[in-house]
Amino acid sequence: MKVYRLAREKYASPLSGKGAAIKGARWNPISVELIYTAQNRSLAMAEVAVHFTLATLPADYVMVTIHVPDDVGAKQLNERDLPEDWRDFPHPVSTQKIGSEFVNENKFAVLFIPSVVTQGDFNVLINPNHKDFSRIAIVAIEKFPFDKRIFK
């Protein structure tokens, strides 16, 4: 399967959960490494676009295409599996606990988790500490100019 990550060019490669571990995010607390990707390019863009205005949008974004072998262990959570506050902004500690448990249990390399931004789509979280992580690879990095109409 292919998954997608929209990233600033200087952080596109190598794949690492270090950036997420520095700041923490919806699905991981500070110090827990996790790589955030999406099932499609549009969702990857939407997940980034919600954090910017046209004035604050950096010009150096690239779309990273990542290959995850089909036999890599994966788990899927659905909305019914999540706490009631999972969509809240700012993100709650309850969702960070889910990502932390996913990484610490280390049973799966990949976690499919519902997107807050696009109902019905899934983000794909990658555990960089899993034994199968070495089999997950970047296959393309391409410039990604945002369509300015999104930010009107």
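We did not get these values from a lab; they are worked out from the coordinates using the rules stated. Bear in mind that the values here come from a model prediction, so they are computed numbers and not experimental data. Note that each Cβ is placed from the backbone with ideal geometry, even for glycine, and that neighbours are counted across all protein chains shown.
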Phi to ³J(HN,Hα) by Karplus 6.51 cos²θ - 1.76 cosθ + 1.60 over the range 57-67, Hz, x for Gly, Pro: 6, x, 8, 10, 7, 10, 9, 9, 9, 10, 9
Under the Debye formula (equal points on every Cα, no solvent term), log10 I(q)/I(0) of the range 13-66 at q = 0.13, 0.15 Å⁻¹: -0.37, -0.49
Mean separation of Cα contacts under 8 Å (6+ apart) over length of the chain, as relative contact order %: 33 percent
Restricting the range 47-141 to chymotrypsin sites (Phe, Trp or Tyr not before Pro) in coil, as DSSP defines it, with at most 14 other Cβ within 10 Å: PHE52
Viscosity 0.692 mPa s, 37 °C: Kirkwood-radius Stokes-Einstein D of the chain over Cα pairs, µm²/s: 209 µm²/s
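Give LYS18/LYS97; LYS23/LYS131; LYS97/LYS143; LYS23/LYS97; LYS107/LYS143; LYS2/LYS107 a once-over and call out the pairs whose C-alpha atoms are over 26 Å from each other.
Details: LYS18/LYS97 18 Å; LYS23/LYS131 24 Å; LYS97/LYS143 34 Å; LYS23/LYS97 15 Å; LYS107/LYS143 34 Å; LYS2/LYS107 21 Å.
Pairs exceeding the cut-off: LYS97/LYS143; LYS107/LYS143.
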